[in-house]
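The values are calculated or read from the model by the stated rules, or taken from the named source; none is laboratory data. In this text, all values refer to a predicted model and were calculated from it rather than measured experimentally. Using ideal geometry, Cβ is built from the backbone for each residue, glycine included, and neighbour counts are taken over all protein chains shown.
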Amino acid sequence: MKRILRNLPLLGILLLLTGCLYDNPPSGPSRSIDTWLVGQWQTKSKAGHSYSVVVAPTSASDHYRVTFSRPGSSTQEFDGWISRVDGFSILVLKSLDGSGVRGAEKYLLCHYELLAPSAPTPGGIGAERIRLSELQLDESTRMLDSYKLRSAIRSGLKAGTLLAPFDTVAERKGKLEAIPGSIIWTKNGNVTLNGETF
């Protein structure tokens, strides 16, 4: 029981979301990696705690290795890939260090979107930013098989309830409001693999 309680917060902290974990992913990789996600990213919680994540491509063209860390804590490794349901991209993260509940594999499902760069430094350019948002699915979907989970995602897409609503007008004006189940990560470094820098 102590192991479950110790590891669950790390998965939740990964995205600073409520951390809904699913028994199955919607699918395996459905496209090659999105290089916009590759790099070193950081964020801060409302309490001022810093978090960082490194997203690197693997030798497979459709998987990421995701390493999450917080100063003073151990790192956590994830296998990541992009699933698609009716053209809607979902970042799937699977723990590689046995952090699943009761020893079972568990998956975190997020939508990602590229945001306008942050405010530029004097004489420089703004850093890239992404927003990761957890899917707003009913708790009953957590144990569904992949086929039924895709069906629930399609229903959420059709109803317009899959993502929490936010004020796009405020965002265009540069006011990034807090969105329930969402966190903004800022790129603070690159990743190099086989001589190619992302």
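Mind checking which residues of the range 111-163 are aliphatic (A, V, I, L, M) and touching a Cys at 6+ places or on another chain (Cβ under 9 Å)?
L132, L135, L137
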Scan the range 97-118 and tell me whether some residue there is buried (at least 17 other Cβ atoms within 10 Å of the Cβ), within 20 Å of T197 (Cα to Cα) and not polar (S, T, N, Q). no
Qualifying positions in the range 104-118 - of a type outside the set (G, A, S) and assigned to a loop (DSSP other than H, G, I, E, B): E105, K106, P117
Breaking point among (1) surrounded by fewer than 18 Cβ atoms within 10 Å (Cβ to Cβ); (2) closer than 21 Å to T161 by Cα; (3) among the hydroxyl-bearing types (S, T, Y), for S73: (2)
Would you confirm whether any residue within the range 147-159 is loosely packed, with under 10 Cβ neighbours inside 10 Å, modelled with pLDDT of 80 or more and outside any loop (DSSP other than H, G, I, E, B)? yes
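Take the residues of the range 127-140 that are in a loop (DSSP other than H, G, I, E, B) and touching a strand residue (DSSP E or B) at 6+ places or on another chain (Cβ under 9 Å): which is nearest to G39 (Cα to Cα)?
E128
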Could you list all residues from the range 32-62 that are buried (at least 18 other Cβ atoms within 10 Å of the Cβ) and either free of Cβ contacts under 8 Å to residues at least 60 places away in the same chain or outside any strand (DSSP E or B) (or both)? I33, L37, V38, Y51
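How many residues does the range 109-126 hold that are over 18 Å from V92 (Cα atoms), of a type in the set (S, T, Y) and touching a strand residue (DSSP E or B) at 6+ places or on another chain (Cβ under 9 Å)?
Matching residues across the range 109-126 total 1.
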Cβ-Cβ distance below 6 Å, separation of 6 or more or different chains: which pairs start in the range 121-134 with a residue that is without any contact (Cβ under 8 Å) to a residue 60 or more places away in the chain and under 15 Å from V53 (Cα atoms) and end on one that is part of a loop (DSSP other than H, G, I, E, B) and of a type outside the set (V, I, T)? R129/S118
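Does the range 74-92 hold any residues that are closer than 14 Å to A152 by Cα and part of a strand (DSSP E or B), and which are they?
If the condition is that a residue be closer than 14 Å to A152 by Cα and part of a strand (DSSP E or B), then R84, V85, F88, I90 are the ones that fit.
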